[in-house]
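Each remark here refers to the structure printed beneath this line.
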Amino acid sequence: MRECARLMIGPYATIREAIAVIEKEAAQIALVADPAGRLLGTVTDGDVRRGMLDGLSLDQPVELVMNPEPSTVLQGTPWKSAYELMLGKGLRRIPVVSPDGTVTGMEALEDFLKPAPRDNAVVIMAGGLGTRLAPLTKDCPKPLLKVGSKPILETILESLISCSFRSFFFSVNYRADMIESYFGNGSKWGVSIRYLREEEPLGTAGALSLLPPVPDKPMIVINGDLLTSLNFAHLLQYHEEHGSSATMCIREYAYSIPYGVVDTDQHRFRGIREKPVHRTFVNAGIYVLESRLIAAIPPSTFTNMTVLFEQLASRGERVSVFPVQEYWLDIGRMDDYERANREYGEVFP
């Protein structure tokens, strides 16, 4: 049983504070408790994502997204009973409570299991020209630019390896020889790396037409210029739980209008909103696809992932979105690259 004092927050804490606990402690859960330590509810990243999709602000009370009737095990319950309960309910974490409901600890599924390597294929798009980062990319492909002490692509690879993925494909084009020379066949990291060599740019979906036969399991596709602390295992679980054909990661993007916005009703003045902030979701460049979809991608044809998702939705396929609240940065411009180097040590210590 694990100690869990650092996982506990009060009912009037914000959703943002719950996210900080979930991420910092790597426990995948926050426990909402009263001042006496009695359990009131639990919050997982799935609860937070549903709240975001419902339009809740991260500064609203956590009680708006918490599960008020979580599963628990009584202190003293044999580990086998706790393990069977977690398996039966599909839980990774379960609070341990005393007879009066006071939290005394936490059981974690991985404490009972040795995680097996995943044979889901992972495709990392590493063939872009990186023109907006010139002159840095004049003689070096963007995925090999160093952020912190290692190339961007290596950080992405190691993040996926930490989630037990072992089978990788790198889509390469610009300076492909440098990427292949650095990563080789993946043996240095204990994984398999193969290469999808684009003779000409095929887009973020078109390159998938170069894949050889892969296991009939969902595959992850990610742009090779992202830094994120996303738990890719959570993403895969979310995709499977929703029975999706395809899942797109999305990121909330906020922008402020630097003027007073006037509300009108035809010719009548109704009010004014000073410098309002608008929030929307943008494509985060991370996807999950069922492997059967690859056969429908036309070979040797430039196709972007956004087009593929629109086609899937128009055909009536189940297409989902997965809000990313973890650290995420698209290194597309020089100021993004400079920011990534400033923040790298905090996100990937």
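The values are calculated or read from the model by the stated rules, or taken from the named source; none is laboratory data. As the structure is a prediction and not an experimental result, all values here were calculated from the model. Neighbour counts run over all protein chains shown; Cβ positions are idealised from the backbone, glycine included.
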Original post:
Among the listed residues Val103, Val122, which satisfies the condition of being assigned by TED's automatic domain parsing to the domain that holds Phe170, surrounded by 15 or more Cβ atoms within 10 Å (Cβ to Cβ) and in a strand (DSSP E or B)?
Top reply: Val122
Original post:
Can you tell me which residues in region 194-231 are closer than 17 Å to Phe170 by Cα, crowded, with 21+ Cβ neighbours inside 10 Å and among the hydrophobic types (A, V, I, L, M, F, W, C)?
Top reply: Leu196, Leu202, Ala205, Ala207, Leu208, Met219, Ile220, Val221, Ile222, Leu226, Leu227
**OP:** Would you be able to say whether some residue in region 171-184 is among the charged types (D, E, K, R), more than 18 Å from Ile294 (Cα to Cα) and in contact with a Pro (Cβ under 6 Å, 6 or more places away or on another chain)?
**Re:** yes
Subject >> Positions within region 83-100 being surrounded by fewer than 17 Cβ atoms within 10 Å (Cβ to Cβ), in a helix (DSSP H, G or I) and within 24 Å of the chain's Cα centre (by Cα), in sequence order >> reply: Leu87, Lys89
**OP:** Residues being surrounded by 16 or more Cβ atoms within 10 Å (Cβ to Cβ) and not in a loop (DSSP other than H, G, I, E, B): count how many of those fall in region 18-58.
**Re:** 23
**OP:** Please state which one of Thr303, Thr247 is buried (at least 16 other Cβ atoms within 10 Å of the Cβ), at negative phi and in contact with a Gly (Cβ under 8 Å, 6 or more places away or on another chain).
**Re:** Thr303
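Quick one: which residue in Lys138, Lys142, Lys146 is over 20 Å from the mean Cα position of the chain (by Cα), in the same structural domain as Ser209 (by TED's automatic domain parsing) and over 17 Å from Asp336 (Cβ atoms)?
Lys138
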Original post:
For region 244-338, which fully contained strands (runs of 3 or more DSSP E) count at least 3 residues that are in contact (Cβ under 8 Å) with a residue 12 or more places away in the chain and not assigned by TED's automatic domain parsing to the domain that holds Asp59?
Top reply: 246-256, 268-274, 277-289, 319-323, 328-330
Original post:
For Lys217, are the conditions met, namely being of a type in the set (Lys, Arg) and assigned to a loop (DSSP other than H, G, I, E, B)?
Top reply: yes
**OP:** Mind listing just one residue for me: the one in region 167-200 that is in contact with a helix residue (DSSP H, G or I) (Cβ under 9 Å, 6 or more places away or on another chain) and among the basic types (Lys, Arg) and, of those, farthest from His234 (Cα to Cα)?
**Re:** Arg175
Subject >> Residue match in region 269-278 (condition: surrounded by 15 or more Cβ atoms within 10 Å (Cβ to Cβ) and under 24 Å from Arg49 (Cα atoms)) >> reply: no
Subject >> Unmet criterion (only one of (1) over 30 Å from Tyr344 (Cα atoms); (2) over 18 Å from the mean Cα position of the chain (by Cα)) for Ser245 >> reply: (2)
